[in-house]
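Worksheet for the structure shown next.
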Amino acid sequence: MAKITVGTENQAPIEIYYEDHGTGKPVVLIHGWPLSGRSWEYQIPALVEAGYRVITYDRRGFGKSSQPWEGYEYDTFTSDLHQLLEQLELQNVTLVGFSMGGGEVARYISTYGADRIQKAVFAGAVPPYLYKSEDHPEGALDDATIEAFKSGVINDRLAFLDEFTKGFFAAGDRTDLVSEPFRLYNWDIAAGASPKGTLDCITAFSKTDFRKDLEKFNIPTLIIHGDSDATVPYEYSGKLTHEAIPNSKVSLIKGGPHGLNATHAKEFNEALLLFLKD
């Protein structure tokens with residue numbers, strides 16, 4: 001629909017693609033890895049019909065945004081988001097971050113404050129801190145798992161993404177929660193992303209510590225998570241985010257996998273709309 005320029009690389013503009021639909025209070029939807037703003041297909045109509053202005057955008061390196069060589073870390077991602085909010089002159093925003101998109105939500109509030117932000121939503125999101133180490137044994141992703149992700153992307157990215165998208169929409173033995181054409185559509189989106197960005201984001205979402213970012217939260221916050229999320233398990237992420245943010249609310253969706261905004265779109269949208277109206 002439109003693009004904004006957030007920087008340059010070797011004299012070429014680095015552009016962020018976004019779509020802006022509807023009128024009313026703005027809701028900014030931030031996609032997960034390694035997808036694009038298209039992953040909000042089931043949310044956009046519901047939000048617009050409920051009277052909200054809905055902005056989706058593609059993170060740098062993904063979707064229709066530019067694919068620079070550098071900048072795949074959360075300070076830069078959050079700067080990109082801030083420039084989008086400024087250029088669109090958005091106020092009273094609800095930020096909704098899915099999976100790694102929750103990182104932008106956390107880092108935005110701690111870096112830029114809540115002057116523009118009214119509410120926040122973490123959906124199947126990676127905060128507070130996924131990395132498992134000697135200093136943080138309660139993490140979900142250890143070095144071996146992270147290296148397996150990286151080697152999969154380096155050695156055969158397309159085969160890795162094929163397996164990843166299968167687990168993304170699966171809950172236990174349930175692999176029928178989306179159709180095969182829908183899964184392949186998401187594979188196609190992921191396949192079109194920057195290989196460098198896809199690789200670098202693994203470090204970003206697995207090793208960025210958002211615990212101090214969450215300490216800055218003083219706005220209404222909702223955590224939406226699937227209780228069958230094997231990609232970003234609730235007990236290592238959403239549960240801890242809820243405990244870290246005073247007065248936050250949780251909507252734990254039964255049988256929901258990681259990609260619950262597609263597999264359980266009705267329940268997801270109901271929880272989101274109820275929070276927006278509250």
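The values are calculated or read from the model by the stated rules, or taken from the named source; none is laboratory data. Bear in mind that the values here come from a model prediction, so they are computed numbers and not experimental data. Quick reminder, even Gly has a Cβ in these numbers, built from the backbone with ideal geometry, and neighbours come from all protein chains shown.
Condition check: touching a helix residue (DSSP H, G or I) at 6+ places or on another chain (Cβ under 9 Å), assigned to a loop (DSSP other than H, G, I, E, B) and free of Cβ contacts under 8 Å to residues at least 40 places away in the same chain. Does residue 24 satisfy that?
On the way: touching a helix residue (DSSP H, G or I) at 6+ places or on another chain (Cβ under 9 Å): yes; assigned to a loop (DSSP other than H, G, I, E, B): yes; free of Cβ contacts under 8 Å to residues at least 40 places away in the same chain: yes.
Yes.
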Worksheet item: Within region 48-71, how many residues turn out to be farther than 20 Å from residue 95 by Cα and in contact with an Asp or Glu (Cβ under 6 Å, 6 or more places away or on another chain)?
Response: 3
Discussion item. Quick check on region 134-154. Is at least one of its residues of a type in the set (Gly, Ala, Ser), within 18 Å of residue 62 (Cβ to Cβ) and either over 16 Å from the mean Cα position of the chain (by Cα) or modelled with pLDDT of 95 or more (or both)?
Written reply: yes
Discussion item. Can you say whether residue 128 is under 25 Å from residue 230 (Cβ atoms) and without any contact (Cβ under 8 Å) to a residue 12 or more places away in the chain, as far as the supplied structure shows?
Written reply: no
Worksheet item: For residue 209, are the conditions met, namely being under 29 Å from residue 113 (Cα atoms), surrounded by fewer than 17 Cβ atoms within 10 Å (Cβ to Cβ) and at pLDDT 95 or above?
Response: yes
Item to complete: May I ask you to verify whether residue 144 is under 16 Å from residue 202 (Cα atoms) and in contact with a Lys or Arg (Cβ under 8 Å, 6 or more places away or on another chain)?
Response: no
Discussion item. Give me the residue from region 186-209 that is of a type in the set (Ser, Thr, Tyr) and part of a helix (DSSP H, G or I) and, out of that set, nearest to residue 69 (Cα to Cα).
Written reply: 198
Discussion item. What pairs come out if I take residues in region 243-254 that are touching a residue at least 24 places away in the same chain (Cβ under 8 Å) and farther than 15 Å from residue 233 by Cβ and pair them with residues that are among the aromatic types (Phe, Trp, Tyr) and buried (at least 16 other Cβ atoms within 10 Å of the Cβ) whose C-beta lies under 6 Å away, six or more apart or interchain?
Written reply: 245/217
Item to complete: Report yes if some residue within region 252-260 is part of a helix (DSSP H, G or I), farther than 17 Å from residue 103 by Cβ and touching a strand residue (DSSP E or B) at 6+ places or on another chain (Cβ under 8 Å); otherwise report no.
Response: yes
Item to complete: Mind listing whichever residues of region 210-238 are within 24 Å of residue 262 (Cα to Cα), part of a helix (DSSP H, G or I) and in contact (Cβ under 8 Å) with a residue 60 or more places away in the chain?
Response: 236, 238
Fill in: Complete set of residues in region 160-185 that are more than 21 Å from residue 148 (Cα to Cα) and part of a helix (DSSP H, G or I)
180, 181, 182, 183, 184, 185
Worksheet, complete the sentence: In region 6-21, residues that are surrounded by fewer than 17 Cβ atoms within 10 Å (Cβ to Cβ) and either of a type outside the set (Ser, Thr, Tyr) or in contact (Cβ under 8 Å) with a residue 12 or more places away in the chain (or both) total 7
